[in-house]
Amino acid sequence: ALYFQFLASEKGFRSDSRIHLHEALSFDSSLAIIYFALGHSYFEGDPVALGYYQRAQELAPHWLSALNWLGYTYLYSEPKKGVFYHNKALTIDSNNCEALIMLGWAYQAMGQPDSALLLMKRAAEALDQKYKSQPNSFTATDCIHASQALRELKAFEKAKDYLLLGEKISKGKYGPIYGNLCLVYTDLMDFENAVKACNTLFEVNGLKKRDW
């Protein structure tokens, strides 16, 4: 089952990876990561993803990413439900930056920008501290989370610096770095580099522009 999950991850958990994920389930339907990956194979906010994230969370009730992505799926429809799941994640780990950022987005969707900014500041400070104290354990995903919080705080240059660090850590092989670089370069009105980042995203994910 994990072999087929690996094949799907090599394709970036896109729609054409689902065949491998369903093959994985045919071998073992008890692995939360397979359902989580199926959720990731749909675009953000797609209601089809909801069922997969729910199943992942049922199988691994203390898995923070399953809780957070289940909550995030409600962002555009029922953000109050998202708040419930992100807060549940924070009861497990009060410094979980993914939960802090996604909870901030939920508060934004609910028209509470001040509460959202406080959460973004808390996440950014926690990630800064982690990088200073544990630089060798800082991951490309940490870099993305830092950039997301910093963009909400309008600290675009610092957000860019974290993403460039993430590019170095991942050796240029992690697509989400380039998707977020495209956003931050757009924030900085550096459209030439924004286009370059988007093109690199296509290359890293093995996509053609018509797939988007």
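The values are calculated or read from the model by the stated rules, or taken from the named source; none is laboratory data. Keep in mind the model is a prediction, meaning the values are calculated, not measured. Note that each Cβ is placed from the backbone with ideal geometry, even for glycine, and that neighbours are counted across all protein chains shown. What goes into the accessible areas is simple: the full protein's heavy atoms, side chains included, and nothing from ligands, DNA or RNA. Shrake-Rupley method; radii C 1.70, N 1.55, O 1.52, S 1.80 Å.
Per DSSP H run of at least 4 residues, take -39500 (n - 2.57); add these up for the chain, divide by its residues and hand me the 222 nm value, nearest 500 deg cm²/dmol.
-23000 deg cm²/dmol
Which residue, S133, S170, S41, tops the fluctuation ranking in a GNM of the chain built on C-alpha contacts under 10 Å?
Maximum fluctuation in the GNM of the chain, among the listed residues, is at S133.
Show log10 I(q)/I(0) for the chain at q = 0.15, 0.17 Å⁻¹, two decimals, from a solvent-free Debye sum over equal Cα scatterers.
-1.07, -1.35
Cut-off 10 angstrom, C-alpha nodes, Gaussian network model of the chain. Which of I92, I33, I101 fluctuates the most?
It is I92.
Where does each of M110, M189, M120 land when they are ordered by accessible area, with a 1.4 Å probe and the largest first?
Most to least solvent-accessible, the answer reads M189, M110, M120.
For the chain, set up a GNM with springs between Cα atoms under 10 Å and report which of F36, F191, F156 has the largest fluctuation.
So, out of F36, F191, F156, the one fluctuating most is F191.
Counting each pair of different Cα atoms once, what's the Kirkwood radius of segment 123-198 in Å, rounded to one decimal?
Value: 12.1 Å, from the Cα pair sum.
Taking K and R as +1 and D and E as -1, what net charge do the other residues with C-beta under 15 Å from the C-beta of L25 add up to?
Result for the local shell: -1.
Over segment 23-167, average the accessible area per residue using a 1.4 Å probe and give it in Å², no decimals.
Result: 49 Å² of accessible area for each residue.
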